[in-house]
Protein chains: 4
Amino acid sequence: MAQSEEILMDADALTLFMRDVFQQVADDFAIDHVAPHEITMRLCTQHKHLRPGGTVSGPSMFALADVAAYLVTLAMIGPQALAVTTNCSIDFMRKPAAGVDLIAQAKLLKLGRQLSVSHVLLFSEGSSAPVAQATLTYAIPPVKT
Amino acid sequence: MAQSEEILMDADALTLFMRDVFQQVADDFAIDHVAPHEITMRLCTQHKHLRPGGTVSGPSMFALADVAAYLVTLAMIGPQALAVTTNCSIDFMRKPAAGVDLIAQAKLLKLGRQLSVSHVLLFSEGSSAPVAQATLTYAIPPVKT
Amino acid sequence: MAQSEEILMDADALTLFMRDVFQQVADDFAIDHVAPHEITMRLCTQHKHLRPGGTVSGPSMFALADVAAYLVTLAMIGPQALAVTTNCSIDFMRKPAAGVDLIAQAKLLKLGRQLSVSHVLLFSEGSSAPVAQATLTYAIPPVKT
Amino acid sequence: MAQSEEILMDADALTLFMRDVFQQVADDFAIDHVAPHEITMRLCTQHKHLRPGGTVSGPSMFALADVAAYLVTLAMIGPQALAVTTNCSIDFMRKPAAGVDLIAQAKLLKLGRQLSVSHVLLFSEGSSAPVAQATLTYAIPPVKT
């Protein structure tokens, strides 16, 4: 489980996994691209994600950052439904644009036996100024031997 | 705006404000108690807040912590719809119990002219072991003079 | 390792441990009080901890919060020199007073097999308004069996 | 104060400023490179920064991340000694290598009128695996008019 470059789950495998495990919210998200230790994905913004004025709500931004950190971890370790978020620190920096999807770019900075640590930037589609950044730690359940 | 003990909005005023400004989610939350620099409130857990297994989802926990920090700030400064979260750090410590409400106890630790800082503990109703803790900073819009 | 109330290391044992393991900085800190899942300790403020104007520096505040979270963990699990900080989020809320010690009140909110999570408030001695709050996670090395 | 690309203080100006304002610690740090919204700098590791085993201490890593976020802000807004850290979240991911400097790469993600937000990666010199990441918010004092 060292910092291998091998992708164990690609975009299709992660999408199927998400539909299987998080069927309630799987339609909210789509995966654009998976690379070693990186994922780009989106929140397919719908009415339920919005605040008055048309801006994406804080919990919806949190949800996107959280799922991006989860999936970039699973891409490298394979399907582990039981990985759980232990910490997230999120900075809200700009108001998201109305009427467009929200894009997450997640990088996996550390993949240990017990913990993964990621950095996620969120953008309104079509803009290069990040609306939020988040750092997330996932606890990975011990492998049974 | 110094650390006055005077409550400018009580539970009823905050509830009306929430229904007015966040009508999409206002029914998700209820306020139990307001005291100087403190609020106790709850997420009235519904199916949409759950993950498989019946546990409350991470974004729902984030949403509760966020609204508690917002309302404990407004209780002391009055209605300021434009206050915005700038940072939240949240530690997920235990799995919430299924089938019960989630309770937030928020304390306002700093109320400055530009920023408020809070600490929030989340509990499954009936349990004394916190399921999460969060620290939140709100930016308060400058008063126009 | 459940949430036992039994203190495995008291103030004297923690002080000796600190002198043994962190001899470079042990004289900077003193322990006031240890209770189940709680510790009160202090930074014995010296010239090297100060910024121009006599205020305690940010790194010195971080150091105090970090050692308080470490020692409140060890108080409950016994001497584990290899426990390491994995995350700290710290809010700097007020300027510390000049010429007085800095006090830390740490609470251990979660003690699991792999992780401990704490909340720490820092005060200038004699003041009830916190100068900083911090949340810290420690990774606890697995017990060899 | 919009997201201009113009550097108002270069490496030399920042070094002089640091010696002037933080003379107690200025010799601990050196600036490698300044670009728009980015800085690369180092902790010139000395005995006082170390823990037993020769690894750089947590407070020293915090100090480097903090000064990097401060200087990348000042590079774009000019000398503002009174800017203060309001929040730092730091993830410690790997043990720093012994006997080498610690390098910080800081990016300024948001520069508003009241707040700057940065992301900092720390590396042991010569290694590409980050030892820590930090996110920092600075409060910028209002311009007097």
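The values are calculated or read from the model by the stated rules, or taken from the named source; none is laboratory data. Keep in mind it's a predicted model, so treat the numbers as computed, not measured. Glycine also receives a Cβ, built like all others from the backbone with ideal geometry; neighbour counts cover every protein chain displayed.
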Only residues that are over 19 Å from C:Ser89 (Cα atoms), out of contact with any Asp or Glu (no Cβ under 7 Å at 6 or more places or on another chain) and modelled with pLDDT of 95 or more: list them for the range B:113-145, please. B:Phe123, B:Ser124, B:Gly126, B:Ser127, B:Ser128, B:Ala129
Test D:Ile140 against the stated conditions and say whether it is among the aliphatic types (A, V, I, L, M) and closer than 30 Å to B:Leu109 by Cβ. yes
Filter the range A:1-20 down to the residues that are within 14 Å of another protein chain (Cβ to nearest Cβ) and surrounded by fewer than 15 Cβ atoms within 10 Å (Cβ to Cβ) and list them by number. A:Ala2, A:Gln3, A:Ser4, A:Glu5, A:Arg19, A:Asp20
Among residues belonging to the range A:23-43 that are within 14 Å of chain B (Cβ to nearest Cβ) and either at pLDDT 95 or above or in contact with a helix residue (DSSP H, G or I) (Cβ under 8 Å, 6 or more places away or on another chain) (or both), point out the one that is surrounded by the fewest Cβ atoms within 10 Å (Cβ to Cβ). A:Gln24
Just to be sure I understand the filter: pairs with C-beta atoms under 8 Å, separated by 6 or more residues or on different chains, first member in the range D:76-104 and on the phi > 0 side of the Ramachandran plot, second member surrounded by 18 or more Cβ atoms within 10 Å (Cβ to Cβ) and modelled with pLDDT under 95. Which pairs pass? D:Gly99/D:Thr45
Here, strands (runs of 3 or more DSSP E) confined to the range D:40-124 with at least 2 residues that are among the polar types (S, T, N, Q) and under 23 Å from C:Thr55 (Cα atoms) are D:84-92
How about the range B:104-128: which of its residues are closer than 23 Å to C:Ser116 by Cβ and of a type outside the set (Gly, Ala, Ser)? B:Gln105, B:Lys107, B:Leu109, B:His119, B:Val120, B:Leu121, B:Leu122, B:Phe123
Would you point out the residue of the range B:120-141, among those that are surrounded by fewer than 22 Cβ atoms within 10 Å (Cβ to Cβ) and more than 20 Å from A:Val84 (Cα to Cα), that is nearest to the other protein chains (Cβ to nearest Cβ)? B:Ala139
Matching residues in the range B:44-79 - criterion: being more than 11 Å from chain A (Cβ to nearest Cβ) and within 16 Å of B:Thr15 (Cβ to Cβ): B:Cys44, B:Ala68, B:Leu71, B:Val72, B:Thr73, B:Leu74, B:Ala75, B:Gly78, B:Pro79
Scan the range B:89-110 residue by residue and report those that are farther than 16 Å from B:Ala30 by Cβ and more than 10 Å from chain C (Cβ to nearest Cβ). B:Lys95, B:Pro96, B:Ala97, B:Ala98, B:Gly99, B:Leu108
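Looking at B:Phe92, B:Phe62, can you tell me which residue is closer than 27 Å to C:Pro130 by Cβ and more than 15 Å from the chain's Cα centre (by Cα)? Quick ask: steps written out before the conclusion?
Values: B:Phe62 fails: more than 15 Å from the chain's Cα centre (by Cα).
It is B:Phe92.
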Count - residues of the range B:33-57 that are in contact (Cβ under 8 Å) with a residue 40 or more places away in the chain and within 22 Å of B:Gln80 (Cβ to Cβ): 7
Taking the range C:67-91 on its own, how many of its residues are at pLDDT 95 or above and touching a Pro at 6+ places or on another chain (Cβ under 7 Å)? 0
Return the residues of the range A:5-23 that are more than 19 Å from A:Ala69 (Cβ to Cβ) and of a type in the set (S, T, N, Q); say none if nothing qualifies. A:Gln23
